[in-house]
Each structure stands twice: as structure tokens, then as C-alpha cells.
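Every read-out reported here was derived from the displayed coordinates using simple, explicitly stated rules and does not represent laboratory data. Just so we're clear, the structure is a prediction, and the values are computed from it rather than from any experiment. Please note: Cβ atoms are built from the backbone with ideal geometry, for glycine as well, and neighbour counts cover all protein chains shown.
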Amino acid sequence: MTPARAATLRWLAQRASAAVLAVCVLVHLATILYATRQGLSGAAMLSRAHASFVWPAFYAIFVVAVAVHAPLGLRTILDEWSGLRGRAVDVLLAAFALVLLAGGLRAVAVVTL
Amino acid sequence: MIAEPTLAVRIWRGRADGAWRDYAVPRRPAQTVLDVVTHVQRHLDPTLAYRFACRVGMCGSCAMTVNGRARWTCRTHVDAVAADDRLEIAPLSHLPIVRDLVVDMTRFFDKWAQAGGAFVPTASRRDDFAVIAPDSPARREVDAAIECIGCGVCYASCDVVGWKPDYLGPAALNRAWTLQNDARDGAHDERLRAVATDAGCYACHTHQSCTERCPKQLAPTASIAGLKRLAVRAALKGAL
């Protein structure tokens, strides 16, 4: 892959994941507000989360978007603010993405499945 | 006798480790910042170094930092920028200072070359003139961006250039955009590969300082966004 193609796909992934996150964060916040205002108990929330495939699907998408977006953003920040760049940084960021993905999906599975 | 009104002018002297020096310059009607600098050099301190040529906003050589903002000094009236009759004049940011108000523009123009800023002809002198409709979409894109005078105001105003010194910057990318829309140019693919990089169009944060401060009212931010669109389209087609 040419450097230009790689940079373009990174940029596209960053913007696409940002668009997904914009929706996910709003839904997530609305869900928190609803749950706390309704005074739902932890057990009631868990039973609702288990009741539909929508919750695991929604939060799985949320986690994937975070795992794409955060390492790419961090990559830019490291480059601009500290000059850190190169293969070693990219490998570390890929590992960071995997940690986010694995930890996030595990949490989603525990709560919603 | 009424005392002649004066401007309190503070000018950067020396290199990066230089210092400010204060001058009192007579206030005149319709006076430009370049007039002020010229007065200092001709009447107060002949050792002052600064750069200018055309004095009418065409050559792009007289840009300086005036009261904290990069401006073209020949077309900047003192009235517009020195409400309290104070002027602070420094060399442009993000470029090495040669002396006083003169910066070394080498890095700035090298980046034009890196961004594929040279026109690559596809026709010879024996070919007929290219016919390009003035109202074609590509020609309109060129029209909107072509009047750059290479003054460096956008480059000096760009936060990202300050953070990331290898960033090509607004002027070079704006130039690349005009050539990507030029039907006569034969290096569209190579140029796109040169600008679609981490140090190229993707480094732009769309702060729009370049667009706000461009003395020619160009919008390099829009040109850079155009390059991103072209690159994404090419990448999705597998052409990049």
C-alpha cells in the first residue's frame, strides 16, 4: 500500500468512526438520563439490557468505533505534540486498539448477553 | 504650535535571539505599515532590514507580523490596525529570521515543490491552445484559488505549521489544488500522492486561520478540503 493510500484510509476511518460516535454518544447519554430519572435499579437495567439484541449490537458498534477512533486520534496528537511517529508508535497504537476492542466487547458481552 | 502626532512603533531587531527596539514615527494620513517601516529605515535607523518590492499588493514580499497578526504591510493602513497609535512589528512566524523583519522563505517555497507545485505540461508548442470553458466546475475551482501571491501570511498564521514543522502548509496545498483542477496538467496522480499524506492535507485541522488572514481573501482551507475529497475518491477507486 502506498503511504498516500494508507494516510487516506486512516483519515476516512477517523472521520467515519467520528460520525458513528456522534450518534452513539448521544444515544448513550440519553439512555443514562432515562435510566437514572426513571430510578431503575441495577437489576432492572440488566434485565432490559438482556431483553433485546439491540443493546449488545448498539454497544458493540460503539466499542468498534472507539477502538478505531481513539488510536488514530492519539497517533495525530503524539505526532504533533511530541514528534513521536514511526513504526514502533504504530505497533503500540495497534495494540492499544486491540486492548480497547477486547476490553470493550468483553464488557458489552458481560452486561448485555 | 501643535505637536506633530506620532506613532509609538516597536520593531523586532536581530535574529531569533534579538530584541524589541522602540521608535517614534510621525503619523500621516493614509499611512501604511510599510510606510512606517520605510520611515524608520530612511530617517531613524538605516541598519533596519526588511523586504518589499511592488508596494501595491502584488508581489507578496512585504508580509510581517503587525500587532500580533501576519499581514501584508503595503496594503495595511495604520488606521486599521493601530487604534491607540501603537504598532508592534515583527518578522513572520514559523520561518527562520535572517535579520530584523526579513525571514528565510526557503522552507516555505521548498514545500510548494514537495506538494507538486510545478505545472507539468501535456502539450507541446506545436499543439493548439487548450480550450477550457470559463464556467466549467474545474475552472471555477481554479479561479477561486489562483490569485495567491506567495506572501506567507497563511503559513505564518497556521497553528499546525507551528506544531508540525514538516506540514506542507496552506499555500503549497492551495497551489496543488489549483493544478489538480487544471485540465492541461499531466501530473494529477503523482501530485495527489504527494499531498495525501500525514504531512499534507490530512494534517489540516480546519482552524481556518489561513482563510481568515489571507490578504487575497482566498480560502486555502476549502482547497485542502478539496484535496481530501479527491484523495478519498481516488483511494476508494484503488487509484491512489
(request) Working from the alpha-carbon coordinates of chain A, get Rg over Rh, Rh being the Kirkwood radius. (result) 1.08
(request) For residue B:30 paired with residue B:146, estimate the spin-label separation in nm (one decimal), with each label point 7 Å from Cα along the Cα-to-Cβ line. (result) 3.1
(message) Just to check, using Stokes-Einstein with a Kirkwood Rh over alpha carbon pairs, what's the diffusion coefficient of region A:15-79 at 4 °C and 1.567 mPa s in µm²/s?
(response) 97
(request) State which entries of B:111/B:228; B:164/B:216; B:164/B:228 exceed 21 angstrom in Cα-Cα distance in the structure shown. (result) B:164/B:216
(request) Just check region B:6-103 against the gyration tensor rule for me: Cα atoms, a ≥ b ≥ c as the square roots of the eigenvalues, rounded for a/c under 1.5, and otherwise prolate or oblate depending on whether a/b exceeds b/c. (result) rounded
(request) Using only atoms on other chains, find how many Cβ atoms lie within 10 Å of each Cβ of peptide B:232-239 and report the average. (result) 3
(message) Taking 45 Å as R0, compute the FRET efficiency from the Cβ-Cβ separation of residue B:86 and residue B:119 and round it to 0.05.
(response) 0.55
(request) Give the calculated FRET efficiency between residue B:110 and residue B:233 to the nearest 0.05, with a Förster radius of 30 Å applied to their Cβ-Cβ distance. (result) 0.60
(request) Sort B:105, B:58, B:64 so that the residue with the fewest other Cβ atoms within 10 Å of its own Cβ comes first and the one with the most comes last. (result) B:58, B:105, B:64
(message) Just to be sure I understand the model, the point goes 7 Å from the Cα along the line to the Cβ. What's the resulting residue B:127 to residue B:8 distance in nm?
(response) 6.2
(request) Return a whole-number percent for the relative contact order of region B:106-236, with Cα pairs under 8 Å and 6 or more residues apart as the contact set. (result) 32
(request) Would you please state the base-10 log of I(q)/I(0) at q = 0.11, 0.13, 0.14, 0.15 1/Å for the protein assembly as shown, with intensities from the Debye formula using one equal scatterer on every alpha carbon? (result) -0.87, -1.03, -1.11, -1.20
(message) Along the Cα→Cβ direction, 7 angstrom out, place labels at residue B:159 and residue A:36. What is the inter-label distance in nm?
(response) 3.0
(request) For residue B:197, enumerate residues with amide H under 5 Å from its amide H, sequence gap 5+ or separate chain, H modeled in the peptide plane. (result) B:202
(request) Run through all the Cα pairs of region B:106-236 and give the fraction in each 10 Å bin from 0, expressed as whole percent. (result) 13, 45, 32, 9, 1
(message) If I take R0 = 25 Å and measure r between the Cβ atoms of residue A:28 and residue A:6 in this structure, what FRET efficiency does the formula 1/(1 + (r/R0)^6) give, to the nearest 0.05?
(response) 0.20
(request) Exposed loop chymotrypsin sites (Phe, Trp or Tyr not before Pro) only (DSSP loop, at most 16 other Cβ atoms within 10 Å): please give the longest stretch of chain B free of them, not including the sites. (result) B:1-118
(request) Compute the signed sum of charges (Lys and Arg +1, Asp and Glu -1) over the other residues within less than 14 Å, Cβ to Cβ, of residue A:76. (result) -1
(message) How many angstrom lie between the Cα centre of region B:171-240 and the Cα centre of region A:1-41?
(response) 27
(request) Within 10 Å of each residue's Cβ, count the other Cβ atoms and sort A:82, A:17 from fewest upward. (result) A:82, A:17
(request) State, as an integer percentage, the relative contact order of chain B based on alpha-carbon contacts under 8 Å between residues 6 or more apart. (result) 17
(message) For region B:1-133, give me the percentage of DSSP beta bridges that are antiparallel, rounded to the nearest 5 percent.
(response) 80
